[in-house]
Amino acid sequence: MTKKHTTIHRSGGRWRSALVLVCFAAAVAAIEARVLYLQLVDREFLTAQGDDRYLRTVQMSAHRGSILDRHGEPLAVSTPVDSIWVNPGELKPELGRLAELASVLGLDPDVLARRVTSNMEREFVYLRRHLSPAKATGVLSLGLPGVRTLREFRRYYPAGEVAGHVLGFTNIDDQGQEGLELGFDHWLTPEIGSKRVIQDRLGRVVGDVEQIKPARDGNTLRTSLDLRLQYLAYRELKRAVTENSAQSGSVVILDPFTGEVLAIVNQPSYNPNDRSQLDVSRYRNRAVTDILEPGSSFKPFILAAALESGLYSADTLVDTSPGILRVNGRVLTEDTSNLGVIDVTTVLARSSNVGAAHIALSMDAESLWRVLTRFGIGRLTDSGFPGESAGVLNEPRHWRAIGQATLAYGYGLSVTALQLARAYSAIAAGGVLPSVSFLALDEPPPGERVISESTASDLLGMLQAVVAPGGTARRAAISNYTVAGKTGTARKSGVGGYLEDRYTAIFGGIAPATDPRLVVVVVIDEPRSGAYYGGQVAAPVFARIVQGALRQLAVAPDALAEPPGTAVASARVDP
């Protein structure tokens, strides 16, 4: 029995071993079959699953184009920053560490928790924008899953508020919102690229796979601005607005032959680097958007039409007696004294409202209107600056005698400071109206002839008489240079008519008068320190700006003498 049981035991063991071997072989065959199936049949699916876990398509950052002045000085540049974002689903296992993350980001823990937990279905949620790269590295050092950085760029304006009005600013997504940033947004905007990378479980890039779309930085914008003149105009305007307790002010400096804007400033100003100052009352470019009645600074263009008509010359006599003008039995305007019979040059030099009105009323309304529109009055300068105003000049069919008379001394129409500077440029450039440009021009486009060269020459000489002794703008005179220009003082309109105690002081000038290089318009709105005439308030600002600008530009003096004295008993300050 023992031998028989032993035989049965041995045969059972062999059977069990064979069974195990068969099962093992079957398992191996099944595994191999599964491997072959996965490799041959389900390969694309598995590859996609693997890619989903480790391959990512990420953005390739590019920076916005720089803005430069005409000499290459930076006005707006983009500095690299990092934004922190999160995939809430990946962060879910570590929600207990949100307070730690909030501390590093400088956020309220409850706010951060709500932001993450309320967006669990999303794969991309910003946590904090525009951190310094050093601070972003500190956030990543926490090792939290799903928390990553995105390289972005923040706009920086080296000149701050000095050039804020003309440059404008961008929003947090680096899109132009105002000024040249908006006007040339298409040129400055970069093209964001993309590439496929391998990331680890913490979202760190461990290798590049392929580039999908190359990134392209935005184009550089070379403006017409001269930063030296911009600083000079800013300083002098701010000084004038402060000293005169004025509500606001503007200065425009143009090259009269090319139409390039060399400087344009306003007060109050703002710093585009400080977003708390981004209020429309501060950041609008008043010199381009705000319209004003130009007062007597408009008289040169009435006289230009008169000279062009052939009815008048610089020596033509005009009877201004008795120093009062009545239209339809109503006293419309008066001079500060009875100037009697004076020539056209003296009408301008002494800023006679009565004389200018007599000249305007003697002319055909349609002819007068055509000349004024050729000077760019009532139409855009085509500068392309966002929000530019065209001003107001009614068609002659809407004029009455009173309207035609008041037009002669700058009432009943509206212009911007930029329009006025452009119109003065036509006189300085021999009768050719330039196109206004905020870009540096290698070859400026041809201008539009608006008056004859002889008329422009006569006007330039007459405007020099305004700055000479006996004229209303003697405070605009500067040492060693000839100057031509015209003052203006305009009452501001309000509810019920013109206000008795609110004025705009204006000066438009050309220097040097013998070989013009600059046209400068100064506007001081509502001076409240006592003086309010253009000759008292705006003309000195012009003189200080032009004196410094001509020195900066190394313009040779054309009159080696001191400016005429200011104690001239017979002269008056322009009303």
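Brief remarks follow.
- Subset of the stretch 110-138 that is of a type outside the set (A, V, I, L, M, F, W, C) and assigned to a helix (DSSP H, G or I) - its residue that is nearest to the chain's Cα centre (by Cα): 133
- Contact map, the stretch 492-514: first residue farther than 30 Å from residue 257 by Cα, second residue crowded, with 20+ Cβ neighbours inside 10 Å and β-branched (Val, Ile, Thr), Cβ cut-off under 7 Å, separation 6 or more or different chains; pairs are 492/504; 503/489.
- Of all residues in the stretch 341-352, those that are without any contact (Cβ under 8 Å) to a residue 60 or more places away in the chain have Cβ atoms under 6 Å from Cβ atoms of residues that are open to solvent by 30 Å² or more (accessible area, probe 1.4 Å), 6 or more apart or on another chain, in 341/317; 341/319; 343/315; 343/317; 352/339.
- Condition broken by residue 313, with the remaining ones in (1) open to solvent by 10 Å² or more (accessible area, probe 1.4 Å); (2) farther than 25 Å from residue 504 by Cα; (3) without any contact (Cβ under 8 Å) to a residue 60 or more places away in the chain; (4) not charged (D, E, K, R) satisfied: (3)
- Counting the residues of the stretch 66-107 that are surrounded by 20 or more Cβ atoms within 10 Å (Cβ to Cβ), touching a Phe, Trp or Tyr at 6+ places or on another chain (Cβ under 9 Å) and of a type in the set (A, V, I, L, M) gives 5.
- Answer residue from the stretch 498-524, given it is closer than 13 Å to residue 425 by Cα, among the small types (Gly, Ala, Ser) and within 29 Å of the chain's Cα centre (by Cα) and is surrounded by the fewest Cβ atoms within 10 Å (Cβ to Cβ) among those: 511
- Residues within the stretch 131-141 that are surrounded by 15 or more Cβ atoms within 10 Å (Cβ to Cβ) and either in contact with a strand residue (DSSP E or B) (Cβ under 6 Å, 6 or more places away or on another chain) or modelled with pLDDT of 90 or more (or both), tallied: 3
- Unmet requirement for residue 24, which otherwise passes all of (1) surrounded by fewer than 14 Cβ atoms within 10 Å (Cβ to Cβ); (2) at pLDDT below 75: (2)
- Checking every residue in the stretch 495-505 against the condition of being among the aromatic types (Phe, Trp, Tyr) and out of contact with any helix residue (DSSP H, G or I) (no Cβ under 9 Å at 6 or more places or on another chain) gives at least one match.
- Selected residue (criterion: farthest from residue 103 (Cα to Cα)) from residues of the stretch 139-149 that are in a strand (DSSP E or B) and in contact with a Gly (Cβ under 8 Å, 6 or more places away or on another chain): 148
- Against the list (1) open to solvent by 70 Å² or more (accessible area, probe 1.4 Å); (2) modelled with pLDDT under 90, the condition residue 220 fails is (2).
- Enumeration of residues in the stretch 410-431 that are open to solvent by 10 Å² or more (accessible area, probe 1.4 Å) and more than 21 Å from residue 482 (Cα to Cα): 411, 412, 414
- When residues in the stretch 150-180 are screened for being part of a strand (DSSP E or B) and closer than 15 Å to residue 79 by Cα, 8 of them pass.
- Residues satisfying the stated conditions in the stretch 339-385, i.e. in a loop (DSSP other than H, G, I, E, B) and open to solvent by less than 30 Å² (accessible area, probe 1.4 Å): 340, 351, 352, 363, 375, 376, 377, 381, 383, 385
- Test: residue in the stretch 108-122 that is open to solvent by less than 60 Å² (accessible area, probe 1.4 Å), closer than 22 Å to residue 153 by Cα and either touching an Asp or Glu at 6+ places or on another chain (Cβ under 9 Å) or modelled with pLDDT of 85 or more (or both): no
- Residues of the stretch 231-254 classified as touching a Ser or Thr at 6+ places or on another chain (Cβ under 8 Å) and open to solvent by 30 Å² or more (accessible area, probe 1.4 Å), total: 4
- Among (1) among the hydrophobic types (A, V, I, L, M, F, W, C); (2) more than 18 Å from residue 413 (Cβ to Cβ); (3) under 41 Å from the mean Cα position of the chain (by Cα) - the single one residue 357 does not satisfy: (2)
The values are calculated or read from the model by the stated rules, or taken from the named source; none is laboratory data. Note that the structure is a prediction, hence the values are computed from the model and not measured. Note that we place each Cβ from the backbone using ideal geometry, even for glycine, and neighbour counts take in every protein chain shown. Accessible surface is based on the protein model in full, side chains and every heavy atom, while ligands, DNA and RNA are left aside. Shrake-Rupley method; radii C 1.70, N 1.55, O 1.52, S 1.80 Å.
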